[in-house]
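Report on one structure; see the data block that follows.
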Amino acid sequence: MKQRKPKSQGLAYKRLPRRALLLGGLQAAFIGGLAARMRFMQVDQADEYRLLAEENRINIRLIPPTRGRIYDRNGQIIGQNSPSYRIVIVREDAGDVDKVIAKLSELIPLNDDEIERARTEMRRSAPFLPVTLADQVTWEDISKVAVNAPALPGVTPEVGLTRQYPRYEDFAHIVGYVGPVSDYDLSKLEDPEPVLRIPRFQIGKVGLEAKQEIALRGKAGAKRVEVNATGRVMRELDRQEGQPGADLQLAIDADLQQYAQARLAGESAAAIVLDCETGDLRAVSSTPSFDPNLFVRGISVADYRALTGDKYRPLANKSVQGTYPPGSTFKMVTALAALEAGVIGPGNTVYCPGHLKVGSRRFHCWKRGGHGTVDLNLSLKRSCDVYYYDVALRVGIDKISEMARTLGLGVKHDIPMSAVAAGLAPNQEWKQRTHGQDWLVGDTANASIGQGFMLASPLQLAVMTARIATGRSVTPRLVRSIDGVEQPSGAGEPLDINAYNLEQVRKAMYSVSNDRRGTAYRSRIIADEFRMAGKTGTSQVRNITKAERAAGVIRNEDLPWERRDHALFVCFAPYDNPKYAVAVVVEHGGGGSKAAAPVARDIMLQALYNGTPPLEAYPVADRERIKEQQKRLEGDRRPKARPDGKDRA
């Protein structure tokens, strides 16, 4: 018997095709829409999405340029880039950072300041970026880290380049130093280059490194790297090397610079050696100095306090930054101003009783009993003050100030060093503008002997001396060439000063050093071919009261160091054919003839002989002392040991 299907089941079979058709239609519509969308994205918008994909996949990374090197005039290296070993850590690979750092500190010494700086960088950086934990570590430390790598996850030794100054203190004030770019450095720039934002990228902070930063820095390169979605580098695709910084050759003679530093050791002093023919600065010395390598990666608080707390001010560049009353070294300026104005002739005389009364005030000569009747030659040879008081009152401060600027005083010379001082050659307009007061005749008397408002740096005094010696507007040159391209000479054009008047002043300077009664006779040069002309100077840093003058002026030796007079000496040689001009200032050194002239003479001979001079160039009475001095200075100039125990070679 045939079984019949229930009625409900039959109805279900009838509905099934309609449901399938509906579902199939919906599925077909979805698939069709998806296919259309995929075609739109893959075909119609393929170029746009391909570009977006490439931008997400490819990153451009800067390659720091190699900094230019610095050489002396003879090719000796002054500033270079040396391999620097460092230890870096990647936070996401390290896991427990504190634990890893603790393990690492058991292997190599870690600086607490460096660790704290690294922690700060890690908090501000992506977890996959390397952060420096220790910098400038030794090869032995690198080996220890490499051997223990499995126990130090995320820690990697690396090698890079860092700035090094192999001459240490000798060139610190000239070259300066570099350091990592700071927020303050960036704030001074309107649109800083992207390379400056590379972590710990070094730029010049002071000195030549800062003034020639653009030339020394070079141009950054670039590399294309493939990164994943989180920004981690997967591989390098290609790179374009940058342009290295320019190499600079200085006019400085490194050996002469080293000698000048050694000769001034123990003093707060400065010395300049200027080539009269080219304007080249052969030596720019300032003592005491400091090791610029300490600043490259950040000087310690203890070291910095030691430098800033030293009363001799080792961080100050006294040779170009320091300004001092020029004292009697200024008398040539007053004499030339009077000669050019026709107020005096070389043979005109002035009587010196030991003082000159101006109004109700007495202006004293350094020699209490006076010098008697003196002319131009005798006034410079014996450094008579009254002669210059007298002629200055006749010629006036404005012409004296004008002559000072003609000879390079009161002028900021354009050399790439930090804080180059302009000095001061005051006149009537300056005092009215600056102090709101009229110029007084007493101001003129003080200015005539380089006191009062008058200020000059050792650099300016050397320029003044070179211009008197040559009759040309010699200008100082520090950089001799940039990437082999010679820089303009500083030989200068002839000065608008009567040649006869200049010759009279030069003859008087010759008498200062070579006449038995000259103030620098004891520091003369005996070698006939190198005879020297010069002028001593002593500038007061305190007022001498009327009571003290009546009782007898206190000797410098009996005063505290800070209240003693500054000692100065300027000179040029050879007299008949000037090759070099030298200026020396010894802070609180006392008399120029005693403290500054012997130093200047020794430095001058070292320059003239291009090395240690023969004893025959010195006076007989000095030769035994000079022999011992040469031995001592030779020892002082040998390479010293570095803190790590290695020689400073």
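The values are calculated or read from the model by the stated rules, or taken from the named source; none is laboratory data. It should be emphasised that the depicted structure is a prediction, and the values quoted were computed from it without experimental measurement. Backbone-built Cβ (ideal geometry, glycine too); neighbour counts: all protein chains shown.
For the stretch 439-477, a residue qualifies if it is of a type in the set (Gly, Ala, Ser) and closer than 22 Å to Val420 by Cα, and the qualifying residues are Gly450, Gly452, Ala456, Ser457, Ala462, Ala466, Ser473.
Scanning the stretch 97-117 for residues being more than 23 Å from Ile299 (Cβ to Cβ) and not in a helix (DSSP H, G or I) gives a total of 0. Looking across the stretch 187-198 at every residue that is of a type outside the set (Lys, Arg) and exposed (fewer than 13 other Cβ atoms within 10 Å of the Cβ), the one that is nearest to Leu62 (Cα to Cα) is identified as Pro194.
Listed here are the residues, each with its yes/no results for (1) aromatic (Phe, Trp, Tyr); (2) out of contact with any Cys (no Cβ under 6 Å at 6 or more places or on another chain); (3) within 17 Å of Ser268 (Cβ to Cβ); (4) outside the structural domain of Lys507 (by TED's automatic domain parsing).
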| site | (1), (2), (3), (4) |
| --- | --- |
| Ala581 | no, no, no, no |
| Val584 | no, yes, yes, no |
| Gly589 | no, yes, yes, no |
| Ala597 | no, yes, no, no |
| Asp602 | no, yes, no, no |
| Ala607 | no, yes, no, no |
| Pro619 | no, yes, no, no |
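Here Leu307 meets each of (1) free of Cβ contacts under 8 Å to residues at least 40 places away in the same chain; (2) under 30 Å from Ala118 (Cα atoms); (3) not in a helix (DSSP H, G or I) with one exception, condition (3).
Among all positions in the stretch 591-611, there is no residue which is surrounded by fewer than 11 Cβ atoms within 10 Å (Cβ to Cβ), of a type in the set (Asp, Glu) and at pLDDT 95 or above. Taken over the stretch 375-399, the criterion of being out of contact with any Ser or Thr (no Cβ under 8 Å at 6 or more places or on another chain) and within 15 Å of Val441 (Cβ to Cβ) is satisfied by Val386, Asp390, Arg394, Asp398, Lys399. Residues of the stretch 238-258 include at least one that is modelled with pLDDT under 95 and either among the acidic types (Asp, Glu) or under 16 Å from Pro458 (Cα atoms) (or both). Is it the case that Ala499 is buried (at least 24 other Cβ atoms within 10 Å of the Cβ), at pLDDT 95 or above and on the phi < 0 side of the Ramachandran plot? So Ala499 fails the test. Look at Cys352 and say whether it is assigned by TED's automatic domain parsing to the domain that holds Gly471, at pLDDT 95 or above, surrounded by 22 or more Cβ atoms within 10 Å (Cβ to Cβ) and not basic (Lys, Arg). Taking the combined requirement at face value, the residue satisfies it. If only residues of the stretch 311-349 that are surrounded by 21 or more Cβ atoms within 10 Å (Cβ to Cβ) and polar (S, T, N, Q) are counted, the one that is nearest to Arg563 (Cα to Cα) is Ser328. Please enumerate the residues belonging to the stretch 118-139 that are part of a helix (DSSP H, G or I) and under 20 Å from Leu161 (Cα atoms). Correct list: Ala118, Trp139.
Condition test on Leu161, is it at pLDDT below 85, outside any loop (DSSP other than H, G, I, E, B) and under 27 Å from Asp414 (Cβ atoms)? It is false that Leu161 is at pLDDT below 85, outside any loop (DSSP other than H, G, I, E, B) and under 27 Å from Asp414 (Cβ atoms). Close contacts from the stretch 438-464, counting a first residue that is on the phi > 0 side of the Ramachandran plot and a second that is in a helix (DSSP H, G or I) and of a type in the set (Phe, Trp, Tyr), with Cβ to Cβ under 6 Å and a gap of 6+ residues or different chains, come to Gly450/Phe330.
If you filter the stretch 510-529 down to residues that are out of contact with any Gly (no Cβ under 6 Å at 6 or more places or on another chain) and part of a helix (DSSP H, G or I), you find that the one that is surrounded by the fewest Cβ atoms within 10 Å (Cβ to Cβ) is Asp528. Scanning the stretch 362-387 for residues that are more than 20 Å from Ala533 (Cα to Cα), assigned to a loop (DSSP other than H, G, I, E, B) and touching a Cys at 6+ places or on another chain (Cβ under 7 Å) yields Cys365, Gly370, His371.
Counting only residues that are crowded, with 18+ Cβ neighbours inside 10 Å and assigned to a helix (DSSP H, G or I), the stretch 73-96 holds 2 of them. When the stretch 367-419 is filtered for residues that are more than 27 Å from Cys352 (Cα to Cα) and out of contact with any helix residue (DSSP H, G or I) (no Cβ under 7 Å at 6 or more places or on another chain), the ones remaining, listed by number, are Arg405, Thr406, Lys412, Asp414, Ile415, Ala419. Among the conditions (1) without any contact (Cβ under 8 Å) to a residue 60 or more places away in the chain; (2) surrounded by fewer than 23 Cβ atoms within 10 Å (Cβ to Cβ), Val386 misses just one, which is (2).
Regarding Ile174, is this residue among the β-branched types (Val, Ile, Thr) and in a loop (DSSP other than H, G, I, E, B)? Criteria not met by Ile174. Answer with yes or no whether Leu559 is of a type in the set (A, V, I, L, M, F, W, C), more than 15 Å from Gln257 (Cα to Cα) and in contact with a Pro (Cβ under 9 Å, 6 or more places away or on another chain). No.
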